[in-house]
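Input: a single structure, listed below in structure tokens.
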Amino acid sequence: MQRLLVEGGRPLQGTVSVSGAKNAVLKLMAAALLGDGKFIIRNVPAIKDVFTMIGVLKALGVKCQLEGSTLYLTVGDIQGEAPAELVQEMRASIQIMGPLIAKLGWVKISQPGGCPIGDRPIDLHVKNLEKLGAIFEEGYGYISAKAKRLVGTELCLDFPSVGTTENIMMAATLAVGTTIIHNAAREPEIIDAQNFLNRMGARVFGAGTGTITIKGVKALSSTDYTVIPDRIEAGSYLVAAAITGGKLRIQNIIPKHLTALIGKLQEANVKLDIASDQIIVQGQDTIYPANILTLPYPGFATDLQPQFMALATLANGTSVVKETVYSNRFGHAHELRRMGAEIIVDGNAAVIKGVKQLAGAHLYATDLRAGAALVLAGLSATGITSITGVEHIERGYENLVEKLQLVGGKIWREDEV
Ligand code: UD1
């Protein structure tokens, strides 16, 4: 096991290139199961979740080869049972359910794992795939489903769940007739999945709005596709510049995917120069407090809440953070308190009274984005911060240590003793 060590107090300076979006590429890889032939997926981040998904696809019979940031997939004869040890590593494995039921007529997976951030049931996935005609069976630790041929229908999600929207969208591409998803999630990654599916020959319309229409087709082929930039990685580096009082050019991004964060950073007195595919961000000596409420897109992303909370710990006043997407996503608050942050958590709200300085401490990354928040706090703190639970961070950030080192961050890995 490794830990991260961060020696803080250095304003970051330079350019950071953002990688492809984790939350997009995992779904595109699942969507490839619907097609046949050779796929090329470009701008793929070399992160643990992508390696896990490669393992899942290989076990299903897909040939996979990652060369640099280009992923080659060959989809031919596949089967529908994924190994438990891989599925349990990552919640996004459930995205193979819709494609496999639609393509093969059956799927069997164990209950999925992923970041421990509150209850993350899969009831919405199951309920809505059932509406398309899938018949589910739950056994000890596994879930299986079958269907002769899915049939399109009109449905309304109880909550605009990202994964459910994608699972239904993918399954419906091969269903008989038309499916309409109301109250669909509107995240940019869903538009990416729509574009990918349509390049395979699907007929999906409306992604990015609350209503998505899918006209079923008989078969799908393969495609060559470039993944969108990772808006959560980009947002994390925006906060890195802000929290260290540094100046960074964040490039290879789509700034309009970051509108909610940009507004909050501006409220916090961070200077931003926004172009079509990059942002120059300059931190200031004084950080103003700002309240955030996490919401489905285009609201403030729950995946950027921990990083923003790290910034708020240094504001010249009190900020309130309300988490409405997950039931338990404040693991980082407890760790930030070890560094001298003043945070009171009450249910789904956290009140953060800014302090002048954080101090290095021994910390544990409870989940992926909490881990990123601790790295950011460590970059601004006095002394050395050590962070265990690094495996969570490596699930979602490509070359985090190397990218930070390139812009002057003093951060390194060390084997745990
Ligand atoms: C995706 C992202 C994750 C992000 C989340 C919300 C990926 C791989 N992950 O996760 O990084 O934090 O969107 O933006 O894309 N829910 C249920 N039942 C279900 C499904 C979801 O109750 O069947 C609940 C969840 O527990 C959670 C909320 O709905 O409280 C949002 O979940 P959802 O939008 O589905 O997130 P994911 O797709 O899992």
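The values are calculated or read from the model by the stated rules, or taken from the named source; none is laboratory data. Just so it is clear, the structure is predicted and the values come from calculations on it, not from any experiment. Quick reminder, even Gly has a Cβ in these numbers, built from the backbone with ideal geometry, and neighbours come from all protein chains shown. Surface areas here come from the heavy atoms of the whole protein model, side chains and all, with no ligands, DNA or RNA. Shrake-Rupley method; radii C 1.70, N 1.55, O 1.52, S 1.80 Å.
List every residue pair whose Cβ atoms sit under 8 Å apart, with the two residues 6 or more apart in sequence or on different chains, where the first one lies in segment 240-266 and is touching a residue at least 40 places away in the same chain (Cβ under 8 Å) and over 25 Å from Thr382 (Cα atoms) and the second, anywhere, is part of a helix (DSSP H, G or I) and open to solvent by 20 Å² or more (accessible area, probe 1.4 Å).
Between residues of segment 240-266 that are touching a residue at least 40 places away in the same chain (Cβ under 8 Å) and over 25 Å from Thr382 (Cα atoms) and residues that are part of a helix (DSSP H, G or I) and open to solvent by 20 Å² or more (accessible area, probe 1.4 Å), the close pairs are Ile253/Arg231; Ile254/Arg231; His257/Arg231.
Give segment 279-319 a look and list any residue that's buried (at least 24 other Cβ atoms within 10 Å of the Cβ), within 14 Å of the ligand (Cβ to nearest atom) and part of a loop (DSSP other than H, G, I, E, B), or say none.
Once the filter is applied, which keeps residues that are buried (at least 24 other Cβ atoms within 10 Å of the Cβ), within 14 Å of the ligand (Cβ to nearest atom) and part of a loop (DSSP other than H, G, I, E, B), segment 279-319 yields only Ala301.
If you go through segment 32-50, how many residues are open to solvent by less than 10 Å² (accessible area, probe 1.4 Å) and within 17 Å of the chain's Cα centre (by Cα)?
Qualifying residue count, segment 32-50: 5.
For segment 185-198, indicate whether the set of residues that are out of contact with any helix residue (DSSP H, G or I) (no Cβ under 6 Å at 6 or more places or on another chain) and either outside the structural domain of Gln95 (by TED's automatic domain parsing) or in a loop (DSSP other than H, G, I, E, B) (or both) is non-empty.
Looking for residues that are out of contact with any helix residue (DSSP H, G or I) (no Cβ under 6 Å at 6 or more places or on another chain) and either outside the structural domain of Gln95 (by TED's automatic domain parsing) or in a loop (DSSP other than H, G, I, E, B) (or both), one finds at least one in segment 185-198, hence yes.
Which of the residues spanning segment 195-205 are touching a Ser or Thr at 6+ places or on another chain (Cβ under 6 Å) and open to solvent by 30 Å² or more (accessible area, probe 1.4 Å)?
Arg199, Gly201, Phe205
Quick check on my filter: what residues within segment 215-249 are of a type in the set (Val, Ile, Thr) and buried (at least 19 other Cβ atoms within 10 Å of the Cβ)? So that I can check it myself, show each step before the final result.
From segment 215-249, those of a type in the set (Val, Ile, Thr) are 217, 223, 226-228, 232, 239, 243-244; that's our starting set.
Scanning segment 215-249 gives Thr223, Val227, Ile228, Ile232, Val239, Ile243, Thr244.
Do you know which residues across segment 364-417 are among the hydroxyl-bearing types (Ser, Thr, Tyr), in a loop (DSSP other than H, G, I, E, B) and either more than 24 Å from Ile250 (Cα to Cα) or more than 16 Å from the chain's Cα centre (by Cα) (or both)? If you could, list the steps in order and put the result at the bottom.
In the first step, residues of segment 364-417 are kept if they are among the hydroxyl-bearing types (Ser, Thr, Tyr); the result is 364, 366, 380, 382, 385-386, 388, 397.
Of the ones still in play, those that are also in a loop (DSSP other than H, G, I, E, B) are 366, 397.
Hit for segment 364-417 is Thr366, nothing else.
Name the pairs: first residue in segment 213-239 and modelled with pLDDT under 95, second residue open to solvent by 10 Å² or more (accessible area, probe 1.4 Å), Cβ to Cβ under 7 Å, at least 6 apart or on different chains?
none
When you go through (1) touching a helix residue (DSSP H, G or I) at 6+ places or on another chain (Cβ under 9 Å); (2) over 29 Å from Thr15 (Cα atoms); (3) open to solvent by 50 Å² or more (accessible area, probe 1.4 Å); (4) of a type in the set (A, V, I, L, M) one by one for Ile343, which number turns out not to apply?
Answer for Ile343: the failing condition is (3).
Pick out, from segment 38-117, the strands (runs of 3 or more DSSP E) lying fully within it that include 2 or more residues that are within 13 Å of the ligand (Cβ to nearest atom).
In segment 38-117, there are no strands (runs of 3 or more DSSP E) which contain 2 or more residues that are within 13 Å of the ligand (Cβ to nearest atom).
Can you tell me which condition Met53 does not meet? The list is (1) assigned by TED's automatic domain parsing to the domain that holds Thr385; (2) among the hydrophobic types (A, V, I, L, M, F, W, C); (3) within 18 Å of the chain's Cα centre (by Cα), and all the others hold.
Looking at each condition in turn, Met53 falls short on (1).
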